[in-house]
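What follows is calculated from the coordinates using simple rules that are stated; it is not laboratory data. Bear in mind the structure is a predicted one, so any value in this text is a computation, not a measurement. Cβ: placed from backbone, ideal geometry, glycine included. Neighbour counts: every protein chain shown.
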């Protein structure tokens with residue numbers, strides 16, 4: 001519980017730094033480049049292959065019951081609501097989260113963070129707040145790329161390899177995948193990005209001395225971020241499903 005409380009206080013300092021008017025634009029731009037542009041290729045490639053694998057596995061089940069044209073709706077719903085946000089967040093935690101934890105851990109070990117504090121600079125505001133805001137801004141864009149490439153990869157397999165009729169394939173997808181699904185997925189990605197950034201930066205700030213301590217901080221940052229993403233995905237899935245059923249009840253549901 002002490003660790004959770006310390007992380008909460010650390011997160012509050014980082015959020016206050018984002019809300020202040022003295023956030024350095026140069027640091028923010030640099031963080032956006034590292035988090036967004038540098039992760040674009042790996043997220044796009046991974047999203048494409050996830051969509052292709054989903055298409056292969058789903059077709060094997062749906063073809064036996066004659067629902068080939070409904071595959072698009074199932075795959076696209078899964079990608080947009082769950083796999084896209086989770087995939088982008090996990091890739092960001094593995095690629096960027098560990099890097100942030102290792103970088104800040106090295107700065108802690110070499111006493112650069114202590115030097116900033118001695119100069120009267122809030123190290124959390126200076127080092128963490130730009131990274132936190134960059135994650136909030138970039139991960140929804142990476143999620144859109146993951147969604148797009150997942151839909152594209154699955155569609156190529158379904159239409160070109162398995163020969164599913166295109167009109168009904170896209171017509172079923174448009175009927176079942178709604179704007180709410182896309183927005184809920186993007187909302188999840190914002191939460192995932194903010195939480196993983198705060199966890200990894202917190203572990204970096206509290207790194208132990210030596211190379212082993214920095215490596216342990218990076219590992220702990222990724223593991224804790226992954227567990228947090230899975231837990232938050234479950235909680236947010238329950239919330240979004242409840243909201244969706246409240247405003248758009250399933251067909252045939254009895255209205256009180």
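One table, with the values for the structure above:
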| item | result |
| --- | --- |
| For 231, 226, 176, order by how many other beta-carbon atoms lie within 10 Å, fewest first | 231, 176, 226 |
| Cα long-axis angle, helix 98-109 against the chain (0 to 90 degrees, to the nearest 10) | 10 degrees |
| Order of 76, 63 - criterion: other Cβ atoms within 10 Å of each residue's Cβ, fewest first | 63, 76 |
| Mean residue ellipticity (222 nm) of the chain, computed from DSSP H runs ≥ 4 via -39,500 (n - 2.57), nearest 500 | -25500 deg cm²/dmol |
| 10 Å binning of all Cα-Cα separations within the chain, expressed as whole percents from 0 upward | 7, 27, 29, 19, 12, 5, 1 |
| Relative contact order (percent, whole number), the range 24-242, Cα cutoff 8 Å, 6+ residue spacing | 36 percent |
| Degrees separating the helix 166-176 axis from the principal Cα axis of the chain, which is the longest one | 60 degrees |
| Distance from the range 1-77 to the range 158-179 (C-alpha centre basis), Å | 24 Å |
| nm² value of the averaged projected area, convex hull over the Cα atoms of the range 153-244 | 8.7 nm² |
| Kirkwood-type radius of the range 187-229, with distances r between different C-alpha atoms, in Å | 10.5 Å |
| Alpha-carbon Rg with Dmax, taken over the range 41-148, Å | 20.3, 70 |
| Radius, Kirkwood style, for the range 82-203 when every pair of distinct Cα atoms is counted (Å) | 16.7 Å |
